[in-house]
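To start, the structure itself, in structure tokens.
The values are calculated or read from the model by the stated rules, or taken from the named source; none is laboratory data. Note that the structure is predicted; figures quoted are calculated from it, not measured. Note that each Cβ is placed from the backbone with ideal geometry, even for glycine, and that neighbours are counted across all protein chains shown. The protein model used for the area step is the full one, side chains on, heavy atoms only, and it has no ligands, DNA or RNA in it. Shrake-Rupley method; radii C 1.70, N 1.55, O 1.52, S 1.80 Å.
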Amino acid sequence: MASIRAENLVKRYGAFRAVHGINFDIADGEFVAILGPSGCGKSSTMRMIAGLESITEGAIYIDGKRANETRARDRNVAMSFESYALYPTITIYENIAFPLRSAAIEGREIDRRVRDIAEKMELTSLLDLKPHGLSSGQAQRVGLARALVRKPSVFLLDEPISHLDTRQRYRMRRFIKSLHQEFNYTMIYVTHDQEEALALADRVMVMSDGEIQQMATPDEVYARPRNAFVAGFVGEPPINFVDCRVRRDGAGWAAEFEGQRLVLPERLHRAAERVGDDGLAAIRPHFLSIGSSGPMVLQGRVFVTEELQDQNLIFVDIGESRFTIVAHPSVKPVRDEVVPVAIDPDHLLLFPRSEAKKFEDLAA
Amino acid sequence: MYELKAVHKRYGLSKVALRKIDLVVRDREFLVIYGPAGAGKSTVLNILAGITRPTSGDVRRDGVSILRIPPERRDAAMAFENYALYSHLSVGENLAFPLRARGLGGAEIDARVKRISGILGIGHLLDRRPGLLSGGQRQRVALGRAIIRPADIYLLDEPVGHLDAKLRHKIRAELKALAEDLSATVVFTTTSSREALALGDRVAVLNQGRIEQAGTPEELYHRPANAFVASFVGDPPMSFLSVTPSRDGDRIAFATPGGMPVAALPANAVETLRDEPGSKIQIGFRSNEVRLAGPDDAGTLRGRVDVIENLGYVKIALVGIGDDQVSVSFPADQRLSIGETVAIAFPRDAVHLFQNARAVAHAAPRL
């Protein structure tokens with residue numbers, strides 16, 4: 001078990017700054033997901049924790065002790081990589097057993113632990129095979145098993161469950177979560193998949209452009225994203241954005257978008273002060289509905305309706321913006337139908353447009 | 001219409017990719033082939049394209065065998081999972097290539113390249129070489145090159161698999177609209193349940209070289225043929241619970257380690273069970289079709305919360321009951337703790353009945 005602290009952590013590769021001086025604390029036994037798009041600095045951050053990458057500036061403390069100079073193998077940190085590099089000439093069994101053999105653990109104990117983890121990860125039938133015949137999903141599970149079998153004090157998991165089908169993803173995710181609950185490892189899970197991050201972590205660290213955009217519980221990053229990047233990156237289906245202007249309205253504020261005017265709830269007054277003419281309103285697809293009740297209703301034209309059986313996703317064009325609406329499976333408007341779209345103002349979010357532009361430039 | 005008739009495909013001596021499958025691709029339908037990695041999805045596309053020859057069986061178009069027709073004469077437009085772009089050509093030239101090959105004029109080519117690159121969000125990349133693009137960008141070029149030209153059939157091999165969630169969401173809708181506009185015949189492979197249900201007019205679930213079930217999304221979701229399809233179609237996956245069924249008046253009663261839940265199957269569903277001693281009888285239900293019970297709910301199922309998953313708009317409790325673990329969704333703002341005992345209530349339409357993984361009865365869906 002171990003706590004981890006980063007102080008003004010910087011990673012430069014030549015002139016390129018991958019990590020821009022970030023600070024965070026991860027408590028002993030905590031499960032933290034580092035979430036962000038490719039190139040955001042998440043993997044560099046993790047590799048510095050593991051000791052696989054030198055630290056350009058700043059420091060990492062493991063259990064309060066400065067670890068910058070500690071070699072990777074002395075940190076008792078285990079990793080599973082996205083590129084699950086397995087040893088091609090030995091069996092799956094020996095691949096999983098490998099970290100135990102190098103730690104000079106006794107043979108019967110090795111056998112017990114390898115078979116135990118193989119059983120949990122549904123690898124038992126593959127133990128005698130060599131890696132070359134495995135599917136990428138199977139190879140990934142072997143890589144994970146090899147990391148987990150050591151029972152280290154910190155687990156670093158780098159995109160461990162990409163490339164899996166829906167059912168396997170749930171199975172692996174639940175397995176990792178139960179593992180954390182059972183053994184209380186400190187776990188750091190690096191992913192670009194917001195769904196994995198929300199489902200697994202105690203706290204999510206959202207990164208973009210080498211900086212931490214927000215570090216908070218899944219509930220918070222979902223319901224109270226700190227900026228437009230977090231709002232746009234977290235949530236499935238993705239949040240809807242629309243340009244807006246914010247104006248004084250008596251003692252309060254009102255937002256104007258797509259020719260409509262909405263008096264803003266007090267919750268948004270502080271955001272409104274920062275936004276002015278160049279605002280971005282955001283609303284999650286679950287808080288829009290087809291219907292004409294409520295304080296704000298916009299007219300839209302239906303583009304596509306996706307029937308997911310448990311719910312329908314309705315894509316509606318309103319002015320220049322395409323909105324996604326989550327609706328009951330019985331709501332099936334057809335293409336080009338003009339429909340009223342009601343916005344639940346309690347869940348409206350407001351950001352400065354300039355902020356979002358910055359992130360768009362990064363993405364392009 | 002394309003048909004695979006008893007198509008069998010073996011690679012080398014022992015690796016069987018497809019096991020005598022029958023599959024129909026109807027004119028102008030969007031058919032999704034959905035299955036886990038290694039199921040044989042790409043092999044089906046390659047056989048339709050003529051790139052791969054079946055070991056045995058026949059491939060027909062409108063009833064006539066096309067086994068001897070080479071790929072270049074089949075008029076199939078394909079997007080490969082590994083992109084296969086022309087590295088010496090710019091993105092724009094890659095997109096224009098299939099149009100030039102058909103002798104289209106410059107203005108027509110420019111218009112189409114502009115339209116397709118706009119839809120796919122790669123309009124700003126037209127002058128670049130593929131080597132300088134990210135995986136997601138390359139994948140969109142590969143998809144664009146396939147859909148830019150008219151074709152008898154479009155074969156799209158996991159064409160959005162490498163895109164981030166936001167782009168996948170956006171392009172999925174564009175693809176569906178485009179296929180409708182063009183009245184195109186499309187075969188699309190995926191490992192995502194959401195994609196399969198969102199896009200498919202019909203979905204064929206492929207597993208280990210066999211078709212487990214082919215049907216409309218509604219059929220697969222509400223009347224899965226077996227436990228594999230039931231657990232594979234739907235996100236999150238269906239839960240299963242071992243039960244001992246018996247007749248209770250006009251209903252079935254299910255004895256379980258968590259109590260005797262009241263479920264909605266009519267009593268005659270008992271008679272659909274075969275008399276096979278030692279059978280494994282399970283009920284299956286989806287996390288969003290059951291709910292945490294209130295004090296007034298009768299006949300609930302009790303268990304202990306093992307894991308809580310946050311999906312943002314909703315949470316899912318994994319509840320341990322006997323040797324099984326079932327999932328039930330609950331509102332994101334409701335408090336629930338690990339280790340807590342909860343009761344699950346079954347609405348009337350929530351249950352499927354399985355015997356040895358074969359579906360024997362389904363409660364009628366609400367719709």
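This table checks each residue for (1) touching a strand residue (DSSP E or B) at 6+ places or on another chain (Cβ under 8 Å); (2) within 14 Å of chain A (Cβ to nearest Cβ).
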site: B:Gly131; (1), (2): no, no
site: B:Gly135; (1), (2): no, yes
site: B:Leu143; (1), (2): yes, no
site: B:Leu155; (1), (2): yes, no
site: B:Glu158; (1), (2): yes, yes
site: B:Arg168; (1), (2): no, yes
site: B:Lys176; (1), (2): yes, yes
site: B:Ala179; (1), (2): yes, yes
Practice problem: Could you pull out the residue among A:Ala199, A:Ala228, A:Ala255, A:Ala223 that is within 12 Å of chain B (Cβ to nearest Cβ), touching a strand residue (DSSP E or B) at 6+ places or on another chain (Cβ under 6 Å), over 18 Å from A:Ser43 (Cα atoms) and not polar (S, T, N, Q)? | Solution: A:Ala199
Quiz item: Regarding A:Arg113, is this residue among the basic types (Lys, Arg), in a helix (DSSP H, G or I), over 20 Å from the mean Cα position of the chain (by Cα) and crowded, with 21+ Cβ neighbours inside 10 Å?
Solution: no
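Residue-by-condition table, conditions (1) at the interface with chain A (Cβ under 9 Å from one of its Cβ atoms); (2) in a loop (DSSP other than H, G, I, E, B):
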| site | (1), (2) |
| --- | --- |
| B:Glu289 | yes, yes |
| B:Ala298 | no, yes |
| B:Arg304 | no, no |
| B:Ile316 | yes, no |
| B:Gly320 | no, no |
| B:Gln325 | yes, no |
Quiz prompt | Residue list for the range A:144-164, restricted to those being open to solvent by less than 10 Å² (accessible area, probe 1.4 Å) and modelled with pLDDT of 85 or more | solution = A:Ala145, A:Val149, A:Val154, A:Phe155, A:Leu156, A:Leu157
Quiz item: Applying the selection to the range B:181-194, what residues are more than 8 Å from chain A (Cβ to nearest Cβ) and either open to solvent by less than 20 Å² (accessible area, probe 1.4 Å) or touching a residue at least 12 places away in the same chain (Cβ under 8 Å) (or both)?
Solution: B:Leu182, B:Ser183, B:Ala184, B:Thr185, B:Val186, B:Val187, B:Phe188, B:Thr189, B:Thr190
Self-check item: Test for B:Leu197: is it assigned to a helix (DSSP H, G or I), within 19 Å of A:Leu164 (Cα to Cα), within 11 Å of chain A (Cβ to nearest Cβ) and free of Cβ contacts under 8 Å to residues at least 60 places away in the same chain
Solution: yes
Quiz item: Could you list, in sequence order, the residues of the range B:215-243 that are touching a Phe, Trp or Tyr at 6+ places or on another chain (Cβ under 8 Å) and among the β-branched types (Val, Ile, Thr)?
Solution: B:Val233, B:Val243
Self-check item: Scope the range B:134-156; condition open to solvent by 10 Å² or more (accessible area, probe 1.4 Å) and either of a type in the set (D, E, K, R) or closer than 21 Å to A:Gly39 by Cα (or both); matching residues
Solution: B:Ser134, B:Gly135, B:Gly136, B:Gln137, B:Arg138, B:Arg140, B:Arg145, B:Arg149, B:Asp152
Practice problem: Please determine, by comparing only the residues of the range B:270-302 that are under 21 Å from B:Gly234 (Cβ atoms) and small (Gly, Ala, Ser), which one is surrounded by the fewest Cβ atoms within 10 Å (Cβ to Cβ). | Solution: B:Gly284
Self-check item: Answer residue from the range B:216-240, given it is more than 24 Å from A:Val326 (Cα to Cα) and surrounded by fewer than 21 Cβ atoms within 10 Å (Cβ to Cβ) and is nearest to the other protein chains (Cβ to nearest Cβ) among those
Solution: B:Phe228
Quiz item: Do we find a residue being farther than 18 Å from A:Ser38 by Cβ, open to solvent by 20 Å² or more (accessible area, probe 1.4 Å) and not charged (D, E, K, R) anywhere in the range A:194-212?
Solution: no
Quiz item: Is the range B:67-77 home to any residue that is in contact (Cβ under 8 Å) with a residue 24 or more places away in the chain, open to solvent by 40 Å² or more (accessible area, probe 1.4 Å) and of a type outside the set (Asp, Glu)?
Solution: no
Exercise. Would you check which residues across the range A:271-323 are modelled with pLDDT of 90 or more and charged (D, E, K, R) and list them?
Key: A:Arg284, A:Arg301, A:Glu306, A:Glu307, A:Asp310, A:Asp317, A:Arg322
Practice problem: Considering only the range B:95-128, state which residues are open to solvent by less than 40 Å² (accessible area, probe 1.4 Å) and among the hydrophobic types (A, V, I, L, M, F, W, C). | Solution: B:Leu95, B:Ala96, B:Leu99, B:Ile109, B:Val113, B:Ile116, B:Ile119, B:Leu120, B:Ile122, B:Leu125
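Could you tell me whether any residue of the range B:32-53 is of a type in the set (D, E, K, R), open to solvent by 70 Å² or more (accessible area, probe 1.4 Å) and not in a loop (DSSP other than H, G, I, E, B)?
No: zero hits.
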Quiz item: Assuming A:Ile239 fulfils every condition listed in (1) touching an Asp or Glu at 6+ places or on another chain (Cβ under 9 Å); (2) within 11 Å of another protein chain (Cβ to nearest Cβ) apart from one, which condition is it?
Solution: (1)
Quiz item: Restricting the first residue to the range B:15-30 and requiring it to be more than 20 Å from B:Gly63 (Cβ to Cβ) and surrounded by 15 or more Cβ atoms within 10 Å (Cβ to Cβ), which pairs with a second residue that is among the hydroxyl-bearing types (Ser, Thr, Tyr) and modelled with pLDDT under 95 meet a Cβ separation below 8 Å and a spacing of at least six or different chains?
Solution: B:Ala17/B:Tyr11
Practice problem: May I ask you to list the residues in the range A:165-193 that are within 14 Å of chain B (Cβ to nearest Cβ), open to solvent by less than 30 Å² (accessible area, probe 1.4 Å) and over 17 Å from the mean Cα position of the chain (by Cα)? | Solution: A:Asp165, A:Phe175, A:Leu179, A:His180
Quiz item: of a type outside the set (S, T, N, Q) and at pLDDT below 90, is that true of A:Lys130?
Solution: no
Practice problem: Could you check, for the range B:323-345, whether at least one of its residues is among the acidic types (Asp, Glu), closer than 20 Å to B:Pro245 by Cα and open to solvent by 30 Å² or more (accessible area, probe 1.4 Å)? | Solution: yes
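For the structure I just gave you, tell me whether A:Val154 is among the hydrophobic types (A, V, I, L, M, F, W, C) and touching a strand residue (DSSP E or B) at 6+ places or on another chain (Cβ under 6 Å).
Yes, satisfied.
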